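Please read the structure below before turning to the comments.
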Amino acid sequence: MSSKMSMTTKILIWMVAGLVVGSLINTFLSKVEWVQVYLVEGLFQVVGALFISTLKMLVVPLVTFSLICGVCGLGDINKLGRVGLKSFLLFMLTTALAISMAIAVATLIGPGQGFDMASSAASSFTAPEAPPFSQVIIDLVPTNPIAAYAEGNMLQIIFFTILFGICILMIGERGKPLIDLAERLNEVMMQVVNIVMHIAPYGVFALMCKTFSQQGLDLIIPMMSYFGAVALVLALHLTGTLMLILKLLGKVNPLIFLKKMRAAQIFAFSTSSSNATIPVTLTSVEKRIGVDNSTASFVVPFGATINMDGTAIMQGVATVFIANVYGIELGLMGYLTVVLMSVLASIGTAGVPGVGLIMLAMVLNQVGLPVEGIALIIGVDRLLDMMRTAVNVTGDAVITTVVARSEKTLNLDTFNDPDAGIIKEGIHLPHEKPAATNQA
Ligand code: ASP
């Protein structure tokens with residue numbers, strides 16, 4: 001048995017250490033200038049930002065090569081339409097369930113009733129512009145694919161890459177070298193992910209230190225009813241709704257699943273970005289869970305863009321909270337509009353930090369609640385963003401697994417093997433022959 005610990009365990013340890021160190025700095029050293037200048041704004045900021053850039057750097061090439069391999073490996077183009085439709089409907093369903101539960105629980109708990117607005121630190125909030133829905137549809141097709149790649153516009157990249165992959169298949173034998181090339185390049189990118197996993201503990205540590213040294217937990221106390229309600233529904237959705245869907249539709253053991261998704265959840269939590277987490281989600285569902293490349297390469301980036309259960313939950317609770325604070329009665333129709341709007345809003349907005357607030361502004365506008373209300377919840381949003389992103393990413397992986405199961409392409413041997421795809425410490429070159437755990 002190898003004495004080396006798995007990278008996930010190591011990252012988890014460093015994450016908790018970062019949380020503790022950050023909180024200590026916030027409590028005891030927040031007035032010490034050199035700590036702020038050289039550590040918080042210096043070392044932690046630089047290492048954390050470098051780590052996020054490294055992750056983001058992988059997203060576009062990994063998704064592109066993986067998706068070309070996925071489309072070309074399908075064998076049956078109809079499958080693509082089927083997988084697309086199934087995942088889209090399931091994503092919408094989970095988002096609708098998430099926000100409905102959020103509204104129901106928040107109505108029971110009643111966050112914001114008796115909230116003293118005068119004593120809150122709220123200033124003002126100007127909502128950034130969100131694109132109208134028709135524009136979201138028009139924007140699915142890139143006018144210039146290079147620009148789409150350069151900007152990392154995920155839906156446009158998916159659209160163009162799938163079309164490109166299908167056309168490689170259509171030119172028959174002559175397309176074969178391109179498929180081989182994409183496979184090699186995909187393999188290389190997977191190795192880059194491997195390397196990034198080795199620096200991840202330090203990156204995660206720096207991000208956690210930075211966030212928690214600036215974000216005192218004392219902000220949460222006056223907002224406890226709101227914060228607690230969001231956290232409660234996030235936990236219920238993660239362990240209840242999503243796991244039930246996994247068990248009923250995916251017919252796999254949720255505990256094994258959760259254990260294997262831990263790395264992706266930690267990355268999501270510390271980066272607050274489903275998009276930046278795509279490389280880890282993709283490798284986790286393929287190598288650890290056993291989803292085939294054709295399904296994973298499409299459903300994971302698709303989900304990172306259009307599926308945001310955790311974000312929907314925040315919107316549900318926030319709407320009830322703001323309605324309570326301003327003493328506005330929304331009524332059933334109002335809440336149904338909130339459900340519909342947030343499902344639609346999640347399609348057009350990508351999974352990046354803080355985008356949930358933009359979506360919330362759209363929803364509030366639609367039902368006539370004051371958008372300035374967002375200023376009240378902004379103080380605790382950073383922490384909730386981390387938590388809801390972990391739920392968003394878990395939702396993406398659940399649906400990917402369910403779709404693969406329904407297509408009979410989930411490898412159950414990989415799923416049930418606790419060591420499948422595990423990354424141990426140390427980087428190996430071919431002549432060292434590590435104990436192979438990754439599937440081909
Ligand atoms: N940070 C979230 C994500 O990337 C989006 C949000 O809720 O703001 O999934």
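The values are calculated or read from the model by the stated rules, or taken from the named source; none is laboratory data. Since this is a predicted model, take the numbers as computed values, not measurements. Glycine also receives a Cβ, built like all others from the backbone with ideal geometry; neighbour counts cover every protein chain displayed. With ligands, DNA and RNA removed, areas are computed over all heavy atoms of the protein, side chains included. Shrake-Rupley method; radii C 1.70, N 1.55, O 1.52, S 1.80 Å.
Taking residues in the range 319-339 that are buried (at least 17 other Cβ atoms within 10 Å of the Cβ), and partners anywhere that are hydroxyl-bearing (Ser, Thr, Tyr), the pairs with Cβ atoms closer than 7 Å and at least 6 places apart or on different chains are Val320/Thr107; Phe321/Tyr226; Val338/Thr319; Val339/Ser100. Selection of first residues in the range 215-240 that are touching a residue at least 12 places away in the same chain (Cβ under 8 Å) and of second residues that are among the basic types (Lys, Arg), restricted to Cβ pairs under 8 Å at least 6 apart or on distinct chains, gives the following pairs, ordered by first then second residue: Gln215/Arg382; Val230/Arg388; Leu234/Arg388. Is it the case that the range 357-374 has a residue that's under 21 Å from Gly152 (Cβ atoms), more than 14 Å from the ligand (Cβ to nearest atom) and crowded, with 18+ Cβ neighbours inside 10 Å? Scanning the range 357-374, I find no residue that is under 21 Å from Gly152 (Cβ atoms), more than 14 Å from the ligand (Cβ to nearest atom) and crowded, with 18+ Cβ neighbours inside 10 Å, so the answer is no. Of everything in the range 357-393, what is among the small types (Gly, Ala, Ser) and either in a helix (DSSP H, G or I) or touching a Ser or Thr at 6+ places or on another chain (Cβ under 7 Å) (or both)? Give them in sequence order. Passing the criteria: Ala361, Gly373, Ala375, Gly379, Ala390.
The residues in the range 80-98 that are over 13 Å from Ile347 (Cα atoms) and either open to solvent by 60 Å² or more (accessible area, probe 1.4 Å) or more than 17 Å from the chain's Cα centre (by Cα) (or both) can be counted, and the count is 8. All of (1) away from the ligand (no atom under 15 Å from the Cβ); (2) open to solvent by 10 Å² or more (accessible area, probe 1.4 Å); (3) not β-branched (Val, Ile, Thr) hold for Ala229 with one exception: (2).
Between residues in the range 181-202 that are of a type in the set (A, V, I, L, M, F, W, C) and residues that are buried (at least 16 other Cβ atoms within 10 Å of the Cβ) and not in a helix (DSSP H, G or I), which pairs lie under 8 Å by C-beta distance while being six or more apart or on different chains? Qualifying pairs under 8 Å: Met197/Ile423.
Is it true that Gly334 is more than 16 Å from the ligand (Cβ to nearest atom) and either touching a Leu at 6+ places or on another chain (Cβ under 8 Å) or at positive phi (or both)? It is false that Gly334 is more than 16 Å from the ligand (Cβ to nearest atom) and either touching a Leu at 6+ places or on another chain (Cβ under 8 Å) or at positive phi (or both). Has the range 394-405 got any residue that is part of a helix (DSSP H, G or I) and in contact with an Asp or Glu (Cβ under 7 Å, 6 or more places away or on another chain)? Yes; the residues of the range 394-405 include at least one that is part of a helix (DSSP H, G or I) and in contact with an Asp or Glu (Cβ under 7 Å, 6 or more places away or on another chain).
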